[in-house]
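Below you'll find the structure, written out as structure tokens, and then a few comments.
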Amino acid sequence: MSTDNTASCNDGDACTTSDTCALGACLGGAAPDCDDSNGCTDDSCNSASGCINADNMTSCDDGDACTTSDTCTAGACLGGTAPDCDDTNGCTDDSCDSASGCVSTDNTASCDDGDACTTSDTCTAGACLGGTAPDCDDVNGCTDDSCDSASGCVSTDNTASCDDGDACTTSDTCTAGACLG
């Protein structure tokens with residue numbers, strides 16, 4: 001007569017561990033931990049060969065804020081294309097920091113504030129600030145000089161009294177931008 005025991009045994013299934021004898025047979029124990037902690041593999045078990053960690057092509061995060069559309073390839077997470085960090089502001093220098101992502105740093109570049117009545121415009125604190133006003137004086141006493149933000153310097157004919165330089169004329173008056181005696 002044979003007596004049942006609870007000795008260790010091997011049930012022939014690679015997907016069981018701690019097999020033990022019970023009631024005269026070898027019974028499979030717990031399933032092995034096949035999780036390789038890699039999101040780029042699909043983990044399973046094959047009764048003949050054991051744990052399988054098959055590569056997949058799922059989306060993932062490679063931990064680099066300067067890549068987008070990261071994808072699993074050959075069991076590793078590979079970064080995709082760089083993000084578009086251009087904030088369309090000429091007064092910032094745009095770059096990418098792998099820890100924090102897009103970075104826009106203020107610069108002091110020359111710029112155009114869109115106002116024709118400023119010159120030497122310069123970037124300050126991320127904005128374009130107008131510089132000095134242009135010299136619109138055309139040195140013609142028969143024009144009134146001003147500046148229009150859209151078009152720039154404007155010289156408008158006036159009818160001011162003037163001196164045409166001829167001593168034989170009096171009551172000289174500006175007409176069509178010229179002094180007439």
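The values are calculated or read from the model by the stated rules, or taken from the named source; none is laboratory data. Keep in mind the model is a prediction, meaning the values are calculated, not measured. Cβ: placed from backbone, ideal geometry, glycine included. Neighbour counts: every protein chain shown. We work out accessible area using only protein heavy atoms, side chains counted, and drop any ligands, DNA or RNA first. Shrake-Rupley method; radii C 1.70, N 1.55, O 1.52, S 1.80 Å.
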Would you check which residues across segment 136-154 are open to solvent by 60 Å² or more (accessible area, probe 1.4 Å) and in a strand (DSSP E or B) and list them? ASP144, ASP148, CYS153
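Against the condition over 26 Å from CYS111 (Cα atoms), out of contact with any helix residue (DSSP H, G or I) (no Cβ under 6 Å at 6 or more places or on another chain) and of a type in the set (Gly, Ala, Ser), how does ALA167 come out, does it pass?
On the way: over 26 Å from CYS111 (Cα atoms): yes; out of contact with any helix residue (DSSP H, G or I) (no Cβ under 6 Å at 6 or more places or on another chain): yes; of a type in the set (Gly, Ala, Ser): yes.
Considered against the rule, which asks whether it is over 26 Å from CYS111 (Cα atoms), out of contact with any helix residue (DSSP H, G or I) (no Cβ under 6 Å at 6 or more places or on another chain) and of a type in the set (Gly, Ala, Ser), ALA167 comes out as yes.
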Single unsatisfied condition, THR132 versus (1) open to solvent by less than 90 Å² (accessible area, probe 1.4 Å); (2) within 30 Å of ASP87 (Cβ to Cβ): (1)
Exactly one of (1) in contact (Cβ under 8 Å) with a residue 24 or more places away in the chain; (2) on the phi < 0 side of the Ramachandran plot is unmet by GLY126. Its number? (2)
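Sort through ALA82, ALA54, ALA76, ALA48 and tell me the only one that's among the aliphatic types (A, V, I, L, M) and over 30 Å from CYS15 (Cα atoms). It would help to see each step written out before you state the result.
Working: ALA54 fails: over 30 Å from CYS15 (Cα atoms); ALA76 fails: over 30 Å from CYS15 (Cα atoms); ALA48 fails: over 30 Å from CYS15 (Cα atoms).
Testing whether each residue is among the aliphatic types (A, V, I, L, M) and over 30 Å from CYS15 (Cα atoms) leaves just ALA82.
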When residues of segment 155-174 are filtered for being open to solvent by 70 Å² or more (accessible area, probe 1.4 Å) and part of a strand (DSSP E or B), how many remain? 3
Could you tell me whether any residue of segment 103-118 is open to solvent by less than 40 Å² (accessible area, probe 1.4 Å), in a strand (DSSP E or B) and either under 30 Å from VAL154 (Cβ atoms) or touching a strand residue (DSSP E or B) at 6+ places or on another chain (Cβ under 8 Å) (or both)? no
